[in-house]
Structures are given as C-alpha cells and as structure tokens.
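What follows is a set of notes on a single structure, which appears directly below.
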Amino acid sequence: MATITTVPVDVYLRSAYEPDAEYIDGEIQERPVGEYDYASWQAALLEYLTAHKQDWNIRVLAELRVQVAATRFRVPDVTVLDRDFPIEQIITQPPLAVFEILSPEDTTARTLEKLLDYERMGIAGIFLIDPKSDARYRFHSGALLKLAADPVSSGRLIIDFKAVEALLD
C-alpha cells in the first residue's frame, strides 16, 4: 500500500514546481505534462480569449493557482478573470471561466474531482477539451455536457470553439 506524505499548505505555497503542482488536502499532486495537442489547444484558447479581453473586460492567464477551498489549490490550464476584481497572486474569487485540456495521463476520476472543485467554488464557466477526440464539454450541475459546434455563452464570454480550432497550430 502506498504511503501519502502530507505537506502543510504554507510549504506548498512557498515551493515551486515545474510544471506547477496542485495541492489537495495536504497532498501535492503533480499535473500531467501536456503534449503538442494539449499545448496547441492551450495556446489557441489564450489567443482567442486575449483577443476579446477589452470587449469582455477580462484577464486571461495560463496555469494560475486558484484556491478552490481552504486546503485545495487547483491550476487550471486557462483561467478567465473579471478585470473589475483586484489582482490576486493566488486567485480566491471565482474566475469567470476555467478551461481544462485533457492529457493522455489524465484519469476520469481525477478530472471529475477537479471539475467538481471548480463548481463548488462557484465558477460559472467550466470547460473541458479532449484534443484526441476533438470533443468539448461544459461541466454543469455535476455533469459533463457535450457541446455542439455552436458558440457557447458563459456570462459575458462567448466561446466559439470553431474560431479557437482555427487558431490551432
């Protein structure tokens, strides 16, 4: 049986991980390193969302620590923040949206747990992209909803996945 070493939250917050790790109730969890398809989707999302940052009054960042609960820190692949909120080094206010891009090493259980953490925090727009199948999902009320090709509205954001896909390298 594997032994899990717990680490105090202040040690996690003072430490650097490459890539950044998540902190779940005392346990440091490494995040899978993305491959080309993953990185291409992340870059396309950042480019698409950044192009709309003034119109939608948003900030768009990759791999930013988000404190979803007192002892839980997640690192979404892409985070969309309300520009009207003060800048925080570690996000404690619910972002407008988060995007997760599946890597081959991601497991269903771990991915769903992460999406539930986002929902419990109060994030309205929770999106999951599977680069291998080109499927896109929205997580809402504990369920993954497969998205059609039409643009998706999430508050002031309009996510046009066809436009994002056109930016893939």
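At-a-glance table
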quantity	calculated
Residue that is at pLDDT 95 or above, in contact with a Phe, Trp or Tyr (Cβ under 9 Å, 6 or more places away or on another chain), part of a helix (DSSP H, G or I) and charged (D, E, K, R), where the choices are E119, E100	E119
Single residue of A62, A44, A21 found to be under 16 Å from the mean Cα position of the chain (by Cα), touching a residue at least 40 places away in the same chain (Cβ under 8 Å) and under 18 Å from Y118 (Cα atoms)	A21
Residue check, E113 in a helix (DSSP H, G or I) and either crowded, with 23+ Cβ neighbours inside 10 Å or modelled with pLDDT of 95 or more (or both)	yes
Lone unmet requirement of (1) at pLDDT 95 or above; (2) of a type in the set (A, V, I, L, M); (3) within 17 Å of R31 (Cα to Cα) for A124	(3)
Qualifying residues in segment 122-154 (those that are in contact with a strand residue (DSSP E or B) (Cβ under 7 Å, 6 or more places away or on another chain) and part of a loop (DSSP other than H, G, I, E, B)) - the one nearest to D55 (Cα to Cα)	P151
Residue within segment 133-154 that is farther than 28 Å from R14 by Cβ, touching a residue at least 12 places away in the same chain (Cβ under 8 Å) and of a type in the set (K, R) present	yes
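The values are calculated or read from the model by the stated rules, or taken from the named source; none is laboratory data. Bear in mind the structure is a predicted one, so any value in this text is a computation, not a measurement. Cβ atoms come from the backbone with ideal geometry, glycine included; neighbour counts cover every protein chain shown.
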